[in-house]
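Q: The following block contains the structure, expressed as C-alpha cells.
The values are calculated or read from the model by the stated rules, or taken from the named source; none is laboratory data. In this text the structure is predicted, and so the values were computed from the model without any measurement. Cβ placement follows ideal geometry from the backbone for every residue including glycine, while neighbour counts extend to all protein chains displayed.
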Amino acid sequence: MDKTFKLLVHGGAGTILASAMTPKLEQDYRDGLKAALQMGYSILENGGSSLLAVEAAVISLEDNPLFNAGKGAVFTHEKKHELDASIMDGKTLKAGAVAGVTNIKNPVNLALKVLIDSDYVMLTGEGAEQFAAKHGVKQVESSYYFTDFRYQQLLQIIDSDKTQLDHNVEVPVVLENNKKYGTVGAVALDMEGNLAAATSTGGLTNKRFGRVGDSPIIGAGTYANNLTCAISATGQGETFIRNVVAYDISCLMAYKGLSLQDACKEVIGKIHFQDPECGGVIGLDAKGNHCFEFNTPGMYRGFVEEKGIFETRIFK
C-alpha cells in the first residue's frame with residue numbers, strides 16, 4: 001500500500017500583517033492551526049479516510065473562537081449567527097452542505113451527515129436543523145457562539161448598511177484596509193489515494209437577508225475529485241461564486257493539463273483583476289503536490305505529511 005498522505009488547513013486570508021499582531025496572538029493562531037492538523041493527521045496515519053480527516057481538522061477550527069466558524073462565528077445584523085459548511089469526497093464526488101444554520105455546534109459534521117445519510121447535497125435553515133435532530137448531530141444554544149470581540153465588531157457597524165469581513169481581533173476599530181476573510185477549511189489525501197475537501201464559515205459581520213457565501217457552494221468554495229484536486233477557498237464569497245473558483249481550478253487540470261500550482265495561480269490571478277486582495281485557496285492533488293495561492297498579505301495556513309512534520313504559516 002502506498003503510504004503517502006497529506007493534510008492542509010487554512011483559517012482565513014486577508015490583511016494579516018506581522019506589524020499588527022502581538023507575539024502571543026500569532027502563537028495562538030499557530031497553535032490553533034497545528035491542533036487542527038494533528039486531529040486530521042491522527043486519522044490519516046492510522047489508515048483513515050481523507051473525508052474523516054478533513055472533517056476532524058475543520059471541527060477543531062470550528063471549536064476555536066479565534067476563527068470565524070462555529071464557536072468564533074461573527075454576528076448578523078439581527079445579532080444572531082448563521083453558519084455555512086460543506087464537504088466533498090473526491091472518490092465518489094458525493095458532497096454535503098448546509099447553509100444558514102443557527103444551532104449546530106459543528107456545521108461540517110452536519111454537512112457530512114447530509115453526504116452520508118441523504119440523497120441531497122445542500123440543506124438550509126430550519127430544514128437542515130430538523131435533519132440534524134433526526135440524525136443525532138449536536139445542537140447548542142445561541143449563547144454558545146457568543147464572543148465579546150465579535151459582538152463589538154457588530155456594534156461598530158450595526159447602524160450602517162455595511163457588512164464587514166472578519167478582521168484581526170486585536171484591532172479595536174473596523175478599518176476598510178484591515179480585512180480578513182473569515183473561513184476555515186481543509187484538504188486531504190489518504191493512503192488509498194483519495195482526496196477530500198471541507199470548508200466552514202460564520203459569514204460576514206452585519207450580514208442580512210439570509211446571505212450565503214461560497215463556503216457551502218460545491219464548485220465555488222469547496223471541490224474534490226480524485227482525477228484532479230481537492231480545493232478549499234477563503235475570500236470574498238460573491239467573487240468566488242461568480243467565478244466558480246474551486247471547480248475552475250479542477251477544470252484547468254482536467255481539460256488543459258495544467259499542474260495544480262499553475263491552475264491555482266491562473267484562477268487566483270484572473271479574479272485578482274476583478275477583486276484585488278479577494279482571498280485565496282488551498283489545494284492538493286492525487287500525487288501529494290500541494291498549493292497555497294492567495295492575493296492577500298497573509299493567510300492562516302499549515303500542512304503535514306506522512307513524516308509527521310507540522311508546518312504553519314501566516315504571512316505572505
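Q: Quick one: in the stretch 60-90, which of the residues that are of a type in the set (Lys, Arg) and under 17 Å from Lys105 (Cβ atoms) is surrounded by the most Cβ atoms within 10 Å (Cβ to Cβ)?
A: Across the stretch 60-90, the extreme among qualifying residues is Lys71.
Q: Go through the stretch 127-146 and count every residue that is of a type outside the set (Gly, Ala, Ser) and outside any helix (DSSP H, G or I). Before you say what the answer is, go through the steps one by one.
A: Initial filter on the stretch 127-146 (of a type outside the set (Gly, Ala, Ser)): 129-131, 134-135, 137-141, 144-146.
Keeping just the survivors that are outside any helix (DSSP H, G or I) gives 135, 137-141, 146.
Of the residues in that region, 7 qualify.
Q: Still on this model: Restricting attention to the stretch 157-207, which residues are among the β-branched types (Val, Ile, Thr) and either modelled with pLDDT of 60 or more or closer than 19 Å to Val101 by Cβ (or both)? Quick ask: steps written out before the conclusion?
A: Going residue by residue through the stretch 157-207, those that are among the β-branched types (Val, Ile, Thr) are 157-158, 163, 169, 171, 173-174, 183-184, 187, 199, 201, 205.
Once the filter is applied, which keeps residues that are among the β-branched types (Val, Ile, Thr) and either modelled with pLDDT of 60 or more or closer than 19 Å to Val101 by Cβ (or both), the stretch 157-207 yields Ile157, Ile158, Thr163, Thr183, Val184, Val187, Thr199, Thr201, Thr205.
Q: Still on this structure: Could you figure out which of (1) in contact with a Pro (Cβ under 7 Å, 6 or more places away or on another chain); (2) over 25 Å from Glu293 (Cα atoms) isn't true of Lys79?
A: Every listed condition holds for Lys79 apart from (1).
Q: Still on this structure, I have one more. Would you check if there is a residue in the stretch 117-126 being modelled with pLDDT under 95, within 19 Å of the chain's Cα centre (by Cα), closer than 22 Å to Ala233 by Cβ and in a loop (DSSP other than H, G, I, E, B)?
A: So in the stretch 117-126, the residues modelled with pLDDT under 95 come out as none.
For the stretch 117-126, residues modelled with pLDDT under 95, within 19 Å of the chain's Cα centre (by Cα), closer than 22 Å to Ala233 by Cβ and in a loop (DSSP other than H, G, I, E, B): absent.
Q: Continuing with this model, one more query. Is it the case, given these coordinates, that Ile43 is in contact (Cβ under 8 Å) with a residue 40 or more places away in the chain and touching a helix residue (DSSP H, G or I) at 6+ places or on another chain (Cβ under 9 Å)?
A: Working: in contact (Cβ under 8 Å) with a residue 40 or more places away in the chain: no; touching a helix residue (DSSP H, G or I) at 6+ places or on another chain (Cβ under 9 Å): yes.
Spelling it out, it is not the case that Ile43 is in contact (Cβ under 8 Å) with a residue 40 or more places away in the chain and touching a helix residue (DSSP H, G or I) at 6+ places or on another chain (Cβ under 9 Å).
Q: Further question on the same structure: Any idea which of Lys270, Lys287 is modelled with pLDDT under 95 and either buried (at least 24 other Cβ atoms within 10 Å of the Cβ) or of a type in the set (Lys, Arg) (or both)?
A: Values: Lys287 fails: modelled with pLDDT under 95.
Sole residue among the options that is modelled with pLDDT under 95 and either buried (at least 24 other Cβ atoms within 10 Å of the Cβ) or of a type in the set (Lys, Arg) (or both): Lys270.
Q: What are the pairs, 6+ residues apart or on separate chains, where a residue within the stretch 183-202 that is closer than 12 Å to Gly70 by Cβ has its Cβ under 9 Å from a residue that is among the basic types (Lys, Arg)?
A: Gly202/Arg150
Q: Return the residue satisfying two criteria in turn: it lies in the stretch 1-28 and is hydroxyl-bearing (Ser, Thr, Tyr) and either at pLDDT 95 or above or not in a helix (DSSP H, G or I) (or both), and of such residues it is surrounded by the most Cβ atoms within 10 Å (Cβ to Cβ). Spell out the reasoning first.
A: At the first step, the residues of the stretch 1-28 found to be hydroxyl-bearing (Ser, Thr, Tyr) are 4, 15, 19, 22.
Cutting the leftovers down to either at pLDDT 95 or above or not in a helix (DSSP H, G or I) (or both) gives us 4, 15, 22.
Details: Thr4: 14, Thr15: 20, Thr22: 10.
Going through the qualifying residues, I end up with Thr15.
Q: Within the stretch 236-265, restricting attention to residues that are among the charged types (D, E, K, R) and modelled with pLDDT of 95 or more, which residue is surrounded by the most Cβ atoms within 10 Å (Cβ to Cβ)? Before the answer, list the steps.
A: Taking the stretch 236-265 as the starting set, the residues that turn out to be among the charged types (D, E, K, R) are 238, 242, 248, 256, 262, 265.
Remaining after also requiring modelled with pLDDT of 95 or more: 242, 248, 256, 262, 265.
Details: Arg242: 14, Asp248: 21, Lys256: 10, Asp262: 16, Lys265: 16.
My answer is Asp248.
Residue by residue, here is whether (1) buried (at least 18 other Cβ atoms within 10 Å of the Cβ); (2) touching a Ser or Thr at 6+ places or on another chain (Cβ under 9 Å); (3) closer than 17 Å to Ser215 by Cα; (4) touching a residue at least 24 places away in the same chain (Cβ under 8 Å) holds:
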{"residue": "Gly96", "(1), (2), (3), (4)": "yes, yes, yes, yes"}
{"residue": "Thr102", "(1), (2), (3), (4)": "yes, yes, yes, yes"}
{"residue": "Gly125", "(1), (2), (3), (4)": "no, yes, yes, yes"}
{"residue": "Glu129", "(1), (2), (3), (4)": "yes, yes, no, yes"}
{"residue": "Lys138", "(1), (2), (3), (4)": "no, no, no, yes"}
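Q: How about the stretch 114-123: which of its residues are buried (at least 18 other Cβ atoms within 10 Å of the Cβ) and touching a Gly at 6+ places or on another chain (Cβ under 7 Å)? Spell out how you get there, then give the answer.
A: First pass over the stretch 114-123, keeping only residues buried (at least 18 other Cβ atoms within 10 Å of the Cβ): 114-115, 122-123.
Correct list: Val114, Leu115.
Q: Might you check whether a residue that is part of a helix (DSSP H, G or I), within 26 Å of Ser250 (Cα to Cα) and modelled with pLDDT of 95 or more occurs anywhere in the stretch 60-67? Step through it out loud before you land on a result.
A: Initial filter on the stretch 60-67 (part of a helix (DSSP H, G or I)): 60-62.
Narrowing the set further to residues that are within 26 Å of Ser250 (Cα to Cα) leaves 61.
This time we only want the ones that are modelled with pLDDT of 95 or more, so: 61.
Yes, the stretch 60-67 has at least one match.
Q: Does the stretch 276-295 contain any residue that is touching a residue at least 24 places away in the same chain (Cβ under 8 Å) and part of a helix (DSSP H, G or I)?
A: No, there is no match, as no residue in the stretch 276-295 is touching a residue at least 24 places away in the same chain (Cβ under 8 Å) and part of a helix (DSSP H, G or I).
Q: While we're looking at this one, here's another question. Looking only at the stretch 243-263, filter to residues that are free of Cβ contacts under 8 Å to residues at least 24 places away in the same chain and not aliphatic (A, V, I, L, M); which one of those is nearest to Gly298 (Cα to Cα)? Quick ask: steps written out before the conclusion?
A: Our first condition is that a residue be free of Cβ contacts under 8 Å to residues at least 24 places away in the same chain; within the stretch 243-263, this holds for 248, 251-252, 255-258, 262.
Keeping just the survivors that are not aliphatic (A, V, I, L, M) gives 248, 251, 255-257, 262.
Numbers: Asp248: 23, Cys251: 26, Tyr255: 31, Lys256: 29, Gly257: 29, Asp262: 20 Å.
Among those that are free of Cβ contacts under 8 Å to residues at least 24 places away in the same chain and not aliphatic (A, V, I, L, M), it is Asp262.
Q: Restricting attention to the stretch 296-316, and to residues there that are in a loop (DSSP other than H, G, I, E, B) and β-branched (Val, Ile, Thr), which single residue is surrounded by the most Cβ atoms within 10 Å (Cβ to Cβ)? Explain how you work it out, then say what you get.
A: Kept after step one, since they are in a loop (DSSP other than H, G, I, E, B), are these residues of the stretch 296-316: 296-297, 306-309, 316.
Next, only the ones that are β-branched (Val, Ile, Thr) stay: 296, 309.
Details: Thr296: 21, Ile309: 8.
Once the filter is applied, the top-ranked residue is Thr296.
Q: Condition first: surrounded by fewer than 24 Cβ atoms within 10 Å (Cβ to Cβ), of a type in the set (A, V, I, L, M, F, W, C) and in contact (Cβ under 8 Å) with a residue 12 or more places away in the chain. Now tell me which residues in the stretch 203-217 satisfy that.
A: Val212 - this is the single residue of the stretch 203-217 that is surrounded by fewer than 24 Cβ atoms within 10 Å (Cβ to Cβ), of a type in the set (A, V, I, L, M, F, W, C) and in contact (Cβ under 8 Å) with a residue 12 or more places away in the chain.
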